[in-house]
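S.K.: Sharing a structure below in structure tokens format, with a few things to ask.
We did not get these values from a lab; they are worked out from the coordinates using the rules stated. Values in this document were obtained by computation on a predicted structure and should not be read as measured data. Positions of Cβ are generated from backbone atoms using ideal geometry, with glycine treated the same way; all protein chains shown enter the neighbour counts.
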Amino acid sequence: MDLRELNARDAQIINRHPWELARLQVANDLFHQFKPQKINAVLDLGCGDSFFISQFYQLNQLNVPHFGVDINFDDAMLQSLNNENPATRFFKSLDDLQAHYTGTIDVVFLMDVIEHIEFDIDFMKMVCSYPFITKETVFIITVPAFQSLFCSHDVFLGHYRRYNNALLRNNLQTANMNVVKVSYFFTLLLLPRLIQKTKESLISSKETTGLVEWKGSRSKTNLITKILLLDYFVSKFFSKIGIKLPGLSNFAICKPSAS
């Protein structure tokens, strides 16, 4: 969860949004499809409240260092996260991580991060300039899809843009990344977002706080999560036979260029 969403309310978050739970499983599936043969460390860059990297560790139990980096951490949050998550070390910047770790990082997750970056191409170049990133490092990236669906939720989160497959591929290639695969996912979420966008164009809408507003029951959460995962695997099947379905999100798998 984005730290801005977390700070939008003081109460403890009891139920995770189905989208966030399903996205975790999507990223984990992508990891198992495209992971390098040897993994020395895993990084969640822009890790928010640590949910993703903590759950990824629980799912895979890799006996390697796991790191989370987010520029929005304050000292109290860093201390709390590092005390509560002994399997993962958290840092406020890549410079802080570099001062701590001298090995290579072989998997980098950027889970709905680069849409927050005004100059996303320069950002990716900067990330790849660190010595712990090699030409074999696998980047697993997710972003929101379709600029035409940009709405109040994007404004609240500080998004600069939404992507289509062509823009995502082009920006990564311009950043000297070798793009292995780009695709959409979560087709079923297109309709509710289109309805939201249409309503906002007709009437003024209050600012949304997004994921922290989810108040569904555990059974409802589990059901919607399963539906979204089925949606992902259906899209994955169609992609294998050459049919590309649209979706509310994109993912990209890429590696730094050898040059």
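S.K.: Under a Cβ-Cβ cut-off of 12 Å, what is the net charge of the residues other than T137 that fall near it, where Lys and Arg count +1 and Asp and Glu count -1? Intermediate values should be presented prior to the final figure.
M.R.: Details: positive: K35, K38, K135, K255; negative: D106, E136.
Combined, the nearby Lys, Arg, Asp and Glu give +2.
S.K.: Let me ask something else. Would you be so kind as to identify which of Y232, A87, H32 lies farthest towards the positive end of the dipole of the chain, taking Lys and Arg as +1 and Asp and Glu as -1 on Cβ and the Cα centre as origin?
M.R.: Y232
S.K.: Starting from the 7 Å offset along Cα-to-Cβ, what nm value, one decimal, do you get for the label separation of F156 and R218?
M.R.: It is 2.6 nm.
S.K.: Sorted by mean Cβ packing within 10 Å, highest first, what order do the peptides 70-79, 113-122 take?
M.R.: Averaged packing, sorted descending, gives the order 113-122, 70-79.
S.K.: Report the extension gain between M126 and S80 in nm, rounded to one decimal, defined as 0.36 nm multiplied by the number of residues separating them, less their alpha carbon distance. Walk me through the intermediate numbers first.
M.R.: On the way: separation 46, 0.36 × 46 = 16.56 nm, distance 2.82 nm.
Between M126 and S80, full extension yields an extra 13.7 nm.
S.K.: Suppose every K and R has +1 on its Cβ and every D and E has -1 on its Cβ; what is the size of the dipole of the chain about the Cα centre, in Debye to the nearest 20?
M.R.: About 1120 debye.
S.K.: Sum -39500 (n - 2.57) across every DSSP H segment of at least 4 residues in the chain, then divide by the residue count to get the 222 nm mean residue ellipticity, nearest 500.
M.R.: -12500 deg cm²/dmol
S.K.: Can I ask one more? When only C-alpha pairs under 8 Å and at least 6 residues apart count, what is the relative contact order of the chain, in percent?
M.R.: On the way: 425 pairs, mean separation 64.6, N = 259.
It rounds to 25 percent for the chain.
S.K.: Given a Förster distance of 45 Å, report the FRET efficiency between K38 and I195 from their Cβ-Cβ distance, rounded to the nearest 0.05.
M.R.: Approximately 0.45, to the nearest 0.05.
S.K.: So how strong a dipole does segment 40-102 carry about its Cα centre when Lys and Arg Cβ are +1 and Asp and Glu Cβ are -1, to the nearest 20 debye?
M.R.: On the way: 2 positive and 8 negative charges, 47 e Å.
Taking the Cα centre of segment 40-102 as origin, the dipole is about 220 debye.
S.K.: Just to confirm a number: summing +1 for Lys and Arg and -1 for Asp and Glu over residues other than L81 whose beta-carbon lies under 13 angstrom from that of L81, what do you get? Could you put the intermediate results ahead of the total?
M.R.: Working: positive: R89, K92; negative: D44, D49, D70, D74, D75, E84.
Once all neighbours under 13 Å are counted, the net charge is -4.
S.K.: Beta carbons within 10 angstrom, averaged per residue: use that to sort the peptides 80-86, 101-107, highest first.
M.R.: On the way: 80-86: 13.1, 101-107: 17.1.
The peptides rank, most packed first, as 101-107, 80-86.
S.K.: Which label marks the calculated value of mean projected area of the Cα convex hull in nm², given the options (i) 12.3; (ii) 17.6; (iii) 14.0?
M.R.: Recomputing mean projected area of the Cα convex hull in nm² here picks out (iii).
S.K.: Separate question: Tell me which of H159, Q173, V42 sits at the most positive position along the dipole axis of the chain, charges placed on C-beta atoms (Lys, Arg +1; Asp, Glu -1).
M.R.: Positive-most Cα among the choices belongs to Q173.
S.K.: A follow-up question, please. Could you work out which residue, out of L30, L45, L167, moves most in a Gaussian network model of the chain, that is, has the largest mean-square fluctuation with Cα springs under 10 Å?
M.R.: Maximum fluctuation in the GNM of the chain, among the listed residues, is at L167.
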